[in-house]
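Have a look at the structure below before the remarks.
The values are calculated or read from the model by the stated rules, or taken from the named source; none is laboratory data. Treat the numbers as computed from the prediction; the structure is a model and nothing was measured. Cβ atoms come from the backbone with ideal geometry, glycine included; neighbour counts cover every protein chain shown. Protein only, heavy atoms only, side chains kept; ligands, DNA and RNA dropped before computing areas. Shrake-Rupley method; radii C 1.70, N 1.55, O 1.52, S 1.80 Å.
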Amino acid sequence: MNGETSYSIGDLARRTGLTVKTIRFYADRGIVPPTDRGPTGHRRYDAAAAARLDLVRTLRDLGLDLATIRAVVDREAGLPEVAAAHAEALAAQIRVLRLRRAVLAVLARRAATPEQADLLHRLARLSAEERRRLVEEFLDAALGDPAADPAFVGVRHSLTPELPEDPEPEQVEAWLELAELTRDPGFRAGLRRLVEQHAADRAGRVGVHRDAVALVRDEVAPALAAGVDPASPAAEPVVAAASARYARLCGRPDDADLRRRLLTRLTAANDPRRERYLHLLSVVNGWSVGESLAPVLDWSIRALRARAGG
């Protein structure tokens, strides 16, 4: 070999960490043929062949098939283009594996039935367009025609989950649970009642007005933090302030009927499924998870009922 460094197949096996059998396999398929043969007929390889074998091992470790590897080492295909195509294929496989992992993780956390497992599997396989249609159908059912009341356009957007192209595992798990929740008829009906109540509060009034729950939270949160008993006399000024603000929102007298109306409104809002939806929505969209409103709603409902005699 003209004085150049020459390797036996055994030398090459020790140098690369591959087995002799594997090197013979690559040689027999013309991927890394021997450079020459010694006097006894044994295969010999020069430094270029050794470097070629190193490349083959690397590409094989990365998961490329033998036909593609041969095209690369024979310079019939450019390595950058092959690497880019393979990286995209691996990214697609990773997305599929993440979805499968998410389904299994959700199933592992609950006593799931075979029917639930099948539903989660089907939800995980939805395309981006199918996910969009599922969400739109849910929001149409809950919020109504977006063109009917422009004031709800912002609400609709704030309730829309958008799974990223390359989501984290927890985002996939949250999406699966959220998608399952949107199919709950009871949750849909409850959300629809909230929308109708909010629309009734705004009836005949122009401009953007805060939601009743937000108004009550402003008044109740400090009392809750201070440990005020909702049934105690100390809670009366808090209830009065919340009721007065709600009366101004609705343009109604601040009386017993208004407080019953507010109680109905807050009871409808105090649905654990609504709270869960908002939490999952924040995870899917990568938003910071907001503080739970359940304590504020529980306190307000107890305070109003104590003063209504219920």
Report residue 224's accessible area, 1.4 Å probe, all protein chains in place, as a number in Å² to the nearest 10. 60
Quote the relative contact order of the chain in percent (integer), defining contacts as alpha-carbon pairs under 8 Å separated by 6+ residues. 15
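If you take the alpha carbon radius of gyration of the stretch 112-267 and divide it by 2.2 N^0.38 Å, what ratio comes out, to two decimals?
That ratio works out to 1.31.
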Pairing the Cα long axis of helix 272-285 with the longest principal axis of the chain, what angle in degrees results, from 0 to 90 and rounded to the nearest 10? 40
Residue-wise HN-Hα coupling along the stretch 293-308, computed from phi with Karplus coefficients 6.51, -1.76, 1.60 (Hz; x: Gly, Pro): 8, 4, x, 5, 5, 4, 4, 5, 5, 5, 5, 5, 5, 4, 8, 9
Between residue 258 and residue 94, what is 0.36 nm times their sequence separation minus the Cα-Cα distance? Round to one decimal in nm. 53.6 nm
Heavy-atom accessible area of residue 118, protein chains in place, probe 1.4 angstrom, given in Å² to nearest 10, is 80
If you line up the long axis of helix 114-124 against the longest principal axis of the chain, both from Cα atoms, how many degrees apart are they, to the nearest 10? 80
Phi to ³J(HN,Hα) by Karplus 6.51 cos²θ - 1.76 cosθ + 1.60 over the stretch 195-201, Hz, x for Gly, Pro: 5, 5, 5, 5, 5, 5, 4
Where Lys and Arg each count +1 and Asp and Glu each count -1, what net charge lies around residue 247 among other residues with Cβ under 9 Å from its Cβ? +1
Let me know the charge dipole size of the chain about its Cα centre in debye, to the nearest 20, where only the beta-carbon of Lys, Arg (+1) and Asp, Glu (-1) is charged. 540
For the chain, modelled as a Gaussian network with Cα springs under 10 Å, which listed residue fluctuates most, 248, 276, 75? 75
Would you kindly find the accessible area of residue 252, with a 1.4 Å probe and non-protein molecules such as ligands, DNA and RNA excluded, rounding to the nearest 10 Å²? 110
Let a ≥ b ≥ c be the square roots of the eigenvalues of the Cα gyration tensor of the stretch 249-310; is it rounded (a/c under 1.5), or, if not, prolate (a/b larger than b/c) or oblate? prolate
For the stretch 268-310, give the magnitude of the charge dipole about the Cα centre (Cβ charges: +1 Lys/Arg, -1 Asp/Glu; no others), in debye to the nearest 20. 200
Out of 30, 144, 41, a Gaussian network model of the chain with alpha-carbon springs under 10 Å gives the largest mean-square fluctuation to 41
Cut-off under 5 Å, modelled amide H: who pairs with residue 159 long-range: none
Give the long-range amide H neighbours of residue 44: residues separated by 5 or more places, or on another chain, with amide H under 5 Å away, using H modelled in the peptide plane at 1.01 Å from N. 35, 36, 37, 38
For the stretch 17-23, in residue order, the Karplus 3J(HN,Hα) values (coefficients 6.51, -1.76, 1.60; θ = phi - 60°; whole Hz; Gly and Pro = x) are x, 7, 7, 4, 4, 5, 5
Rounded to the nearest 500, what is the 222 nm mean residue ellipticity of the chain from helices alone, with -39500 (n - 2.57) per DSSP H run of 4+ residues and division by all residues? -21500 deg cm²/dmol
Stretch gain in nm, segment residue 122-residue 81, where the contour uses 0.36 nm per residue and the Cα spacing is subtracted: 11.4 nm
How do 28, 61, 184 rank by accessible surface area computed with a 1.4 Å probe, from largest to smallest? 61, 28, 184
When log10 I(q)/I(0) by the Debye sum over Cα atoms at q = 0.08, 0.11, 0.14 Å⁻¹ is calculated directly from the model, which label among (1) -0.41, -0.70, -1.06; (2) -0.59, -0.81, -1.08; (3) -0.48, -0.74, -1.00 fits? (2)
